[in-house]
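The values are calculated or read from the model by the stated rules, or taken from the named source; none is laboratory data. Keep in mind the model is a prediction, meaning the values are calculated, not measured. For neighbour counting, all protein chains shown are included, and Cβ atoms are generated from backbone atoms with ideal geometry for every residue, glycine included. Ligands, DNA and RNA are excluded from the accessible area calculation, which covers all protein heavy atoms including side chains. Shrake-Rupley method; radii C 1.70, N 1.55, O 1.52, S 1.80 Å.
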Amino acid sequence: MTSWRLDALAVQADRLQQRGDPRGELMALDLNPTPEDRGWRHRRHELLTTWLGEPLAARAGHLVQHGFIHALRDDRFHPPGLLDGPLGTFVRRYTVRGDEQALARLASRPRPWLVQLTFMPGGPAVRVSDTVRDALIAATPHLQELHLLGARPPFDAFPHPAVRRVSLGQQNLPAERNTLIVPEGVEVLGCPHAEGRRGPWVENSELELALEAVHEQHDCGRLQESHGEYFAEVGSLPALLARLRSAGLVTMDGPLVRLTTAGRVLRNLEPLRAPRLSSAQLDFGRWILWAGARRRTGEHDEVFIDTLRSHIPWLEQCLAHVPLDKSVQDTLVSYRRFLIDTLIPADEHEVRAFDSPGALAEAVETLLELEDLDLEFLHEANPLANEALLGLEAALDSTLAPSQALFHLVWGR
């Protein structure tokens, strides 16, 4: 099943139910969602638990739609380890940032349902060996689309017999300048402004259409059937919804997707409510904010964040101008208070830890996703045009497991 069609899903559900597979009834429930019915929700959770076990059903059941994860992103908003567990077989689209090891992990077992892969190399020097590439091709027999968002492809050729479209982070180059060898007949496209992006480029009109569609139709299956064809250029509607979830604009609840408060603000359905901030009439002088990032290997990296003279007003601009979920607002308010009430009074050589590094990392990742989606309202004051975001991300190690970042101030550069 390479396309998401309700009639095909219904046939698959019948077959699985005839075999006694709990996924069949789960698919049937998701094809006719009645979320207001407590019996529907209870039965759905029972089936998820039978299939996945209670811990995984509780952590990831809201991401399962029609017996699949239609779009999985390797970020903080998707529980770690899903790719390696029972749900990893039923992922249809996958977005990952990293190096050769990230693709080797994907290729470590069959992914028979995967139809789309987006890979963002962790740097321009990332290369993938022919061995890993061939294992990836073998593990994904039905892969149709490949998005490579780095400055150059991580391999020289991708001879996948089923792939029909490849997007490269090489702008809109003519075919003769394409540096990736693919089978004859494969469409090769350039990705404008692909370097450093967290997904394929999304036009503002496409984003507005997606939010409007979610506002009108909560059922993911019917949403895909009615609007899916309009989002082929941005990596499909399911992949875009996963990005909107990471940006805090929608929530996913099994087969249902809804606008969050932030998403409703963007649709002019609610006013923007900026949090109240305590005054900070301080002379920030030449204080420079640094953070020590604790890596999994035990190493410590000193990461430059910004001057306090720039960083605190930047935080205040984000809180005042950017639609954010309350949890993200609360985290940024707490972080600002930590800087003003804890770091500034401390001695220059004292090092202090923010007490919610995981929440701060999620807030940073939300801001990065919003910036990457290039929403028009950001250009008015451009509060996110600040390299401190990338510094904070590096300090918090936000693409890996939660880690503690130790902050300190230094006078002067």
Arg309-Asp7 pseudo-label distance in nm [points 7 Å out on the Cα-to-Cβ vector]: 6.7 nm
Distant-in-sequence amide H partners of Gly98 (H built 1.01 Å from N, under 5 Å): Met120, Gly122
Net length gained if the chain between Arg59 and Asp14 were fully extended (0.36 nm per residue, minus Cα distance): 13.5 nm
For Arg133, solvent-accessible area (1.4 Å; no DNA, RNA or ligand), Å²: 30 Å²
Estimated distance in nm for a label pair at His142 and Ser129, the labels positioned 7 Å out from Cα along Cα-to-Cβ: 3.0 nm
Sum of -39500 (n - 2.57) over DSSP H runs of 4+, divided by residues of the chain (222 nm, nearest 500): -11000 deg cm²/dmol
Residue with peak Gaussian network fluctuation, the chain [Cα springs, cutoff 10 Å], from Glu348, Glu36, Glu216: Glu36
Fraction of antiparallel bridges per DSSP, the chain only, in percent to nearest 5: 50 percent
Simple label model, 7 Å out from Cα along Cβ direction - Glu187 to Arg38, nm: 5.0 nm
Under-5 Å amide H pairs with Val188, H placed in peptide plane, nonlocal only: Val166
From phi via Karplus (6.51, -1.76, 1.60), per-residue ³J(HN,Hα) for segment 106-119 in Hz, x at Gly/Pro: 5, 7, 6, 7, x, 10, x, 9, 5, 10, 8, 9, 10, 10
Local electrostatic count, Thr95, Cβ distance below 11 Å [Lys/Arg +1, Asp/Glu -1]: +4
Rounded to 5, the percent of DSSP beta bridges in segment 34-171 classed as antiparallel: 5 percent
Solvent-accessible heavy-atom area per residue, rounded to whole Å², over the chain at 1.4 Å: 45 Å²
Simple Cβ-charge dipole of segment 76-171, Lys/Arg +1 and Asp/Glu -1, about Cα centre, in debye nearest 20: 300 debye
Label of the coordinate-derived value, P(r) over Cα pairs in 20 Å bins from 0, in percent, listed as (i) 26, 51, 19, 3; (ii) 22, 40, 27, 11, 0; (iii) 25, 55, 19, 1: (iii)
Residue of Gln101, Gln12, Gln116 that the Gaussian network model of the chain assigns the largest fluctuation, springs spanning Cα pairs under 10 Å: Gln101
Inter-centroid distance (Cα atoms) of segment 67-81 relative to segment 1-45, Å: 20 Å
Most fluctuating residue given options His147, His66, His349, as computed from a GNM of the chain linking Cα atoms under 10 Å: His349
